[in-house]
1. Got a sec? Which of 11, 22 is buried (at least 18 other Cβ atoms within 10 Å of the Cβ) and more than 25 Å from residue 216 (Cβ to Cβ)?
2. Scan 10, 59, 65, 18 and give me the residue that is within 22 Å of residue 111 (Cα to Cα) and in contact (Cβ under 8 Å) with a residue 24 or more places away in the chain.
3. Run down 158, 143 and say which single residue is touching a Phe, Trp or Tyr at 6+ places or on another chain (Cβ under 7 Å) and surrounded by fewer than 16 Cβ atoms within 10 Å (Cβ to Cβ).
4. Return the residue satisfying two criteria in turn: it lies in region 201-250 and is surrounded by 15 or more Cβ atoms within 10 Å (Cβ to Cβ) and among the polar types (S, T, N, Q), and of such residues it is farthest from residue 49 (Cα to Cα).
5. Do we have residue 25 as assigned by TED's automatic domain parsing to the domain that holds residue 126 and modelled with pLDDT under 95 here?
6. Examine region 137-153 for a residue that is within 28 Å of residue 95 (Cβ to Cβ), among the charged types (D, E, K, R) and not assigned by TED's automatic domain parsing to the domain that holds residue 114, and state whether such a residue exists.
7. Which of the residues spanning region 24-44 are under 15 Å from residue 97 (Cβ atoms) and touching a strand residue (DSSP E or B) at 6+ places or on another chain (Cβ under 9 Å)?
8. Can you name the residue in region 126-152 that is hydrophobic (A, V, I, L, M, F, W, C) and touching a Ser or Thr at 6+ places or on another chain (Cβ under 9 Å) and, of all such residues, is nearest to residue 225 (Cα to Cα)?
Amino acid sequence: MNTLGPAISEIARAAGAEILAIRERGAAVREKADSSPVTDADEAANALIVAQLGQLTPEIPIIAEESVAVGEIPEIGARFWLVDPLDGTREFIADRDEFTVNIALIEDGRPTLGVVGVPALDKLFVGATGAGAWLEKGGAAAVPIAARAVPDVDAVAVASRSHGNAETEAWLEEHRITRTDRAGSSVKFCRLAEGAADLYPRFGRTMEWDIAAGHAVLAAAGGSVRTLDGADLLYGKPEFENPHFIARGA
């Protein structure tokens, strides 16, 4: 396993605890310049993760969603961190439990280490290139997880609860998907990684920090994330914006 894995897991847990504490006392909500919602929980988790990553690996630049939102965008090289401190802010505001903490290490355009924390469910998904993927729940020992082979019929898809569109529905119909589970945040990647679903088509705008940690977990579990032309989805793109993609199991 990447030697940074345990430390990153602890940072994700600490950020999750901060988010839950803010939810308990009531989070303040406002709109960012792009009209997306942000809360003081997003900002507190962002500050915590950036500070702790900076201490752990001062030589590795950090691209974090809420830092980028205020113009803090360091120059990146072959290695950099991608951080979404609270993915699924709409789920968080709606008092659902699917919001996640996301930290990913990018090396030469690929996510080689990823942690997805689901603090409200006390779950932590971890994936590292060459080491596999696993789930930690509560105080129990980590359990290895693996993506399942996508079946020719009766494949299960996951799709966004908050960002559905006609393109997604058309793709699901074209591929004869009869069961689609709707969910928020990067938990959709984790469902593929643990073999609970098979396909995740995304035909809407996403940023690199939204998906990098989930991509790392899924790839380590044997799955893939590819653009519509079949190429591997890579990171470090201009403006950090992703093209449409299809995530799939093994």
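The values are calculated or read from the model by the stated rules, or taken from the named source; none is laboratory data. The shown structure was predicted, so the numbers you read here are calculated from the model rather than taken from an experiment. Here Cβ is always computed from backbone atoms with ideal geometry, including for glycine, and neighbour counts include all displayed protein chains.
1. Numbers: 11 fails: more than 25 Å from residue 216 (Cβ to Cβ).
Just one listed residue meets the conditions, 22.
2. On the way: 10 fails: in contact (Cβ under 8 Å) with a residue 24 or more places away in the chain; 59 fails: in contact (Cβ under 8 Å) with a residue 24 or more places away in the chain; 18 fails: within 22 Å of residue 111 (Cα to Cα).
Testing whether each residue is within 22 Å of residue 111 (Cα to Cα) and in contact (Cβ under 8 Å) with a residue 24 or more places away in the chain leaves just 65.
3. On the way: 158 fails: surrounded by fewer than 16 Cβ atoms within 10 Å (Cβ to Cβ).
The conditions single out 143.
4. 224
5. Numbers: assigned by TED's automatic domain parsing to the domain that holds residue 126: yes; modelled with pLDDT under 95: yes.
Yes.
6. For region 137-153, residues within 28 Å of residue 95 (Cβ to Cβ), among the charged types (D, E, K, R) and not assigned by TED's automatic domain parsing to the domain that holds residue 114: absent.
7. Narrowing region 24-44 to residues under 15 Å from residue 97 (Cβ atoms): 24, 27, 41.
Scanning region 24-44 gives 27, 41.
8. Filtering region 126-152 for residues that are hydrophobic (A, V, I, L, M, F, W, C) and touching a Ser or Thr at 6+ places or on another chain (Cβ under 9 Å), the one nearest to residue 225 (Cα to Cα) comes out as 147.
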